[in-house]
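A.B. asks: Can you keep this structure in mind? I'll have questions shortly.
Nothing in this text is a laboratory measurement; each read-out follows from the coordinates by a stated rule. Because the structure is predicted, anything quoted here is derived from the model rather than measured. Neighbour counts are summed over all protein chains in view; Cβ atoms, including those assigned to glycine, are modelled from backbone coordinates with ideal geometry.
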């Protein structure tokens, strides 16, 4: 049985047991039945081969017991933060640590809580008609996090949504909804760990109302047999600020979609990303900064280091709609290739329909500058170390943008180990 | 700037929109195997050509029109076009005096250097009217050097060995929808062969013109520069004003053998349609060159015409140390759409490529750059630099950039930069202070902006191109 048929039959078996039976579920499964998984004929999946997922014999029925010892070995679990633990696509109330409940702040299982905000925003920006993975998520997801920060409130401690997937052949469908009312502030990180072969499919919808500010990190450090597709859709109202960092260091196959609808003036939208691919890892980042209203600013920097037979795809699009005059949009993608077996496909796109704008993008692909190595060597630094220093400096222009010091230090340490 | 001014003055008239009343030999509308056979017979094709055409036609039937480009048009009815049209008089002439005076008049209006006084200009012209090559000047002078410059139909008859070897070697008939169509029905085009070590002493040139109504023009150009040879080739195009859309699907193949250099320049000024986007040429062209060792191919294009342009002059850098260049100015106004760019395929070691693309959009037009830089595994030390700038005039037009980079070698260095901006009011104001009218200021800035590309054109063409830019932009101050 192929994965599509299997998912549909699993849906039919279990749909009654799924909590919060949104109407969207039925629509989504119909959409999924119609569209199925994307193929290479779809321009957005042209360089992305998902056969390993489609033929991967994954099931949403896989179960395993949470190993508390394993949990302790994950440093983020002990960070000074609110922790939501999602285990194999289920919300673990037992192991989650929500420290400061406040009447203006809701952090809860999206599928097990009553909040009017869910009806208002769920499925509004991540449409199941757009693609198979979102449809799959909308129909099957049964756990995830609702973050709702009311007007003028701010989340004192950062929130870490820790996603652990360790049941063999498990599909974890995870659905998050983050709503910041006007002038609210928060820091939310999605962190992914996995053991063994499994597939996590996440959809996160983020609504940033007027003058709100969100620091959003997505950090993936899964095992070498992990498959991940993640879609984050952001809607930004005027004067809101988004600082997003997408760091991918592990996993066998990763696809990150990050879109922001810039729907007002005075908005700041920062997309930053770092990817490190080795062995035969594959990492694909698709971003869209969609300027729909005048007078806003977006800035994107994605950097990648490729080694061994790793391959990466970067597709960054800046869209400036006809009304979006006075837009400032920048985008840069840099790649360093360390071996002759790795490959990178980069496609930085500009689509501009307004004339009074400043938009630019740049992309480079190259290797470590031999002159820089020479310079360091002439100062008594060994070649190995010199190379590592330069790579680390290259990566740190992204890492340094992470606001959370604990996460920054951990990413930096992991990178160090991976660079060898 | 108020919008009324833009709408009021936008776009100078198309000066080349006259049509000439010449006795034409045309086929009825439609395309089928018999039409392919008819064209082949009309051209006295040898059997190998007929077979090739039929293979291409059969392959074309299996293909679908590409949909990925950022262009929009009503579906094309390929059975509603005429696939062969030629001036009725027997075409090959011994001297220029024998040329149909009406055709001569047409070309004079176009200002092509066709007759003897152009000797000074040093340009040899192969003029293609609708689908048939009318006259080739300076053939004898060139043949003294061993250079073959003739229509492709003559080449098929007189130099079948060269044609057989190279035709379709860079753009096979199976390459894409329009290339397959062209391979099946092409009726003429130019052929150039520069022998080993010869530097062609003058610029070679083709002038294309679509005259008849409802015809498609399918020309095929094949240029071969043998080892160590050099040639610079120019191409210019115009068409009369007609309300219907006309199809132009050409194929150009360049072969630069070891140490050879080919410079190919185009000034494309097909009829772009009227102010409301009615009529105009659909220009769907496949152009590609292949480089041997140390060879160089350079494409320069100034695209101001056509209602739709779909064109990606490419270079396959097969030989070590070969160089590919692409310089382009694409200007769209009113309802024109352009999806143009290049492909640089690096296969050899130490290969270099450079892409400079300048897009200018005005009115309601859409202008896209689409380019691919591919560095294969074996292409050590490949180097690419791309720069794609867009200039927007008016708030109803669009500028788009779709660069693709596909890198498989760690020693490659690939750089890409793109910017989008408009002409600042402060610059216009500055010029105004110094007594330069707004219109002149825009022409000045646009020419400055496009200079890097225009500089690549041979002198006579550069002047023409500059004028063309100014005329095409008349009134579209944003």
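A.B. asks: Determine, from the Cβ-Cβ distance of residue A:151 and residue A:383 and an R0 of 51 Å, the FRET efficiency 1/(1 + (r/R0)^6), rounded to the nearest 0.05.
C.D. replies: Computed FRET efficiency for residue A:151 and residue A:383: 0.35.
A.B. asks: FRET efficiency for residue A:367 and residue B:47, Cβ-Cβ distance as r, R0 = 41 Å, nearest 0.05?
C.D. replies: Taking R0 as 41 Å, the efficiency between residue A:367 and residue B:47 is 0.20.
A.B. asks: How large is the convex hull of the C-alpha atoms of the protein assembly as shown per residue, in Å³?
C.D. replies: Spelled out: Cα convex hull of the protein assembly as shown, divided by residues, is 183 Å³.
A.B. asks: Identify which of A:294, A:75, A:348 has the largest mean-square fluctuation in a Gaussian network model of chain A, with springs joining Cα atoms closer than 10 Å.
C.D. replies: A:75
A.B. asks: Counting other C-beta atoms within 10 Å, which of B:191, A:353 has the fewest, and how do the rest follow?
C.D. replies: A:353, B:191
A.B. asks: Run through the DSSP bridge list for the protein assembly as shown and note the antiparallel percent, rounded to the nearest 5.
C.D. replies: 10 percent
A.B. asks: If you don't mind, another one. Report the relative contact order of chain A, percent, no decimals, based on alpha-carbon pairs under 8 angstrom and at least 6 residues apart.
C.D. replies: 10 percent
A.B. asks: Neighbour counts of other C-beta atoms within 10 Å: give me B:464, B:253 arranged from fewest to most.
C.D. replies: Least to most surrounded, the residues fall as B:464, B:253.
A.B. asks: While we're looking at this one, here's another question. Report the Cα centroid-to-centroid distance between the range A:203-246 and the range A:149-169 in angstrom, as an integer.
C.D. replies: The range A:203-246 and the range A:149-169 have Cα centres separated by 11 Å.
A.B. asks: Say R0 is 25 Å: what FRET efficiency, to the nearest 0.05, do residue B:165 and residue B:67 get from their beta-carbon distance?
C.D. replies: Given R0 = 25 Å and the Cβ-Cβ separation, E is 0.15.
A.B. asks: From Cα pairs below 8 angstrom and at least 6 apart in sequence, can you work out the relative contact order of the range A:278-420, rounded to a whole percent?
C.D. replies: Here the relative contact order equals 21 percent.
A.B. asks: Can you tell me how much longer the chain between residue A:120 and residue A:14 gets when fully stretched, taken as 0.36 nm per residue apart minus their C-alpha distance, in nm with one decimal?
C.D. replies: 35.6 nm
A.B. asks: Determine the calculated [θ] at 222 nm for the protein assembly as shown from helices alone, applying -39500 (n - 2.57) to every DSSP H run no shorter than 4 residues and normalising by the residue count; nearest 500 deg cm²/dmol.
C.D. replies: Mean residue ellipticity at 222 nm (helix-derived): -6500 deg cm²/dmol.
A.B. asks: A further question on this structure: Quote to one decimal, in nm, the extra length available between residue A:43 and residue A:412 on full extension: 0.36 nm per residue of separation minus the C-alpha distance between them.
C.D. replies: Taking 0.36 nm per residue and subtracting the Cα distance, the gain is 129.4 nm.
A.B. asks: Can you sort A:161, B:82 from fewest to most other Cβ atoms within 10 Å of each residue's own Cβ?
C.D. replies: Ascending Cβ contact count within 10 Å gives the list B:82, A:161.
A.B. asks: Between the range B:406-478 and the range A:66-132, how far is it from one alpha carbon centroid to the other, in angstrom?
C.D. replies: Between the Cα centres of the range B:406-478 and the range A:66-132 lies a distance of 53 Å.
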